[in-house]
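The structure under discussion appears below in the form of structure tokens.
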Amino acid sequence: MSARKLFYLGPQGTFTHQAAVNASQELAHLEPEGFELVALDDVPQILEAVQQGEGWGVVAWENNVEGFVVPNLDALIDAKDLAGFARVGVDVTFDAYVRSGSDPKNATVATAHSHGLAQCKRFIAEHRLQPVPAPSNAAACRDIKANEIAFGPRVCGELYNVTRIDTAVQDYQGAQTDFLVLAPRGEAEKLLEQPRSQAGMEYESVLTLIPLVTGPGVLANLLDVFRDAGLNMTSFISRPIKGRTGTYSFIATFDAAPWEQRFHDALVEIAEHGDWAKTLAVYPRRERPNPPVTSWMLPQGGVRLDEQHLPNDWQDSETAKKELMW
């Protein structure tokens with residue numbers, strides 16, 4: 001037997017490379033022969049290699065600053081034979097680099113993956129740089145030009161001919177990106193058999209739904225199925241169905257696994273109603289803060305009523321009129 005190939009978005013030094021390293025360690029119990037980490041040029045190549053049975057893949061899934069990585073989400077929805085069976089996190093910290101021998105004062109361009117640029121807006125604005133997306137953060141550092149400042153993880157400073165000019169330049173501290181580990185669907189199901197046998201193991205599942213009729217209450221009725229089943233939904237987003245104006249798929253994450261009876265029964269009800277459903281991923285449940293949002297995390301403005309902010313005439317207050325626009 002040979003080592004299991006684990007495909008990731010290259011080149012070396014991407015956050016996905018780090019995620020692949022983390023995955024190889026966390027999933028070592030599944031592969032006695034270990035892993036061979038293989039860099040590919042883009043995510044479609046990763047998905048194709050996995051569907052061809054050449055190994056497993058690691059793709060960025062969700063960032064706690066920018067949200068879901070939409071192209072990867074769409075690709076997984078459309079994939080013929082892929083499912084996620086594990087989720088690994090990577091702390092996201094960006095250092096700023098220039099090409100070795102270049103003067104940072106001459107830089108006019110900031111380059112990184114589009115998500116990296118979005119997370120370093122303050123630095124870009126302060127240095128009056130023009131943001132230019134790169135295929136990956138590591139590619140930005142590897143291919144850096146004399147007039148560019150590239151953002152990338154610390155490992156890029158050791159891998160490429162660059163000079164670090166600043167550290168932790170991201171706008172938000174505590175940023176993290178979660179990655180899915182993908183396998184063909186039948187293989188993913190078998191890989192989940194071992195954790196299923198462990199007492200007390202809890203799961204999260206990502207499900208895609210497409211109602212095949214429209215009208216008042218259609219989506220509410222669909223969600224009522226999960227409410228009545230006692231399922232806790234932790235995220236819910238929509239994506240347009242390509243080329244069909246006004247039509248959407250809905251992606252929800254639940255604290256349960258499809259083989260649990262209450263979840264199974266909910267899926268049966270949805271399927272028999274004629275709606276389309278597909279499980280994208282199932283993985284061991286992560287710990288989350290409770291409550292998930294505290295006062296200091298709330299956006300500016302808005303209306304919040306509690307014992308300390310509950311005037312009798314709050315509906316007539318200027319704040320309510322301004323924020324709720326009634």
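The values are calculated or read from the model by the stated rules, or taken from the named source; none is laboratory data. What you see is a predicted model; the values in this text were computed from it and never measured. Methodologically, a virtual Cβ is constructed for each residue, glycine included, from the backbone with ideal geometry; neighbour enumeration extends over all protein chains shown. SASA here: full protein model, heavy atoms, side chains in, ligands and nucleic acids out. Shrake-Rupley method; radii C 1.70, N 1.55, O 1.52, S 1.80 Å.
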Test: residue in the stretch 80-99 that is in a helix (DSSP H, G or I) and under 30 Å from I149 (Cα atoms): no
Close pairs from the stretch 306-326: first at pLDDT below 75, partner surrounded by 10 or more Cβ atoms within 10 Å (Cβ to Cβ), Cβ under 8 Å, at least 6 apart: P311/S317
One residue from E48, E36, E66 being at pLDDT 95 or above and out of contact with any strand residue (DSSP E or B) (no Cβ under 7 Å at 6 or more places or on another chain): E48
Qualifying positions in the stretch 1-24 - out of contact with any helix residue (DSSP H, G or I) (no Cβ under 7 Å at 6 or more places or on another chain), modelled with pLDDT under 95 and polar (S, T, N, Q): S2, T16, Q18, N22
Counted residues, the stretch 116-143 - those being in a helix (DSSP H, G or I) and either of a type in the set (G, A, S) or in contact (Cβ under 8 Å) with a residue 12 or more places away in the chain (or both): 14
Filter result for A19 (among the aliphatic types (A, V, I, L, M) and in contact with a Cys (Cβ under 8 Å, 6 or more places away or on another chain)): no
Number of positions in the stretch 39-68 that are among the hydrophobic types (A, V, I, L, M, F, W, C) and either open to solvent by 30 Å² or more (accessible area, probe 1.4 Å) or within 23 Å of Q173 (Cα to Cα) (or both): 7
Test: residue in the stretch 94-103 that is in contact with a strand residue (DSSP E or B) (Cβ under 7 Å, 6 or more places away or on another chain), under 21 Å from P258 (Cα atoms) and either in contact (Cβ under 8 Å) with a residue 24 or more places away in the chain or open to solvent by 20 Å² or more (accessible area, probe 1.4 Å) (or both): no
Selection from the stretch 173-224 of residues that are under 20 Å from P71 (Cα atoms), in contact with a Gly (Cβ under 9 Å, 6 or more places away or on another chain) and buried (at least 17 other Cβ atoms within 10 Å of the Cβ): T177, D178, F179, L180, V181, L182, A183, P184, V206
Per-region count, the stretch 110-128, residues charged (D, E, K, R) and either in contact with a Pro (Cβ under 9 Å, 6 or more places away or on another chain) or at pLDDT below 95 (or both): 1
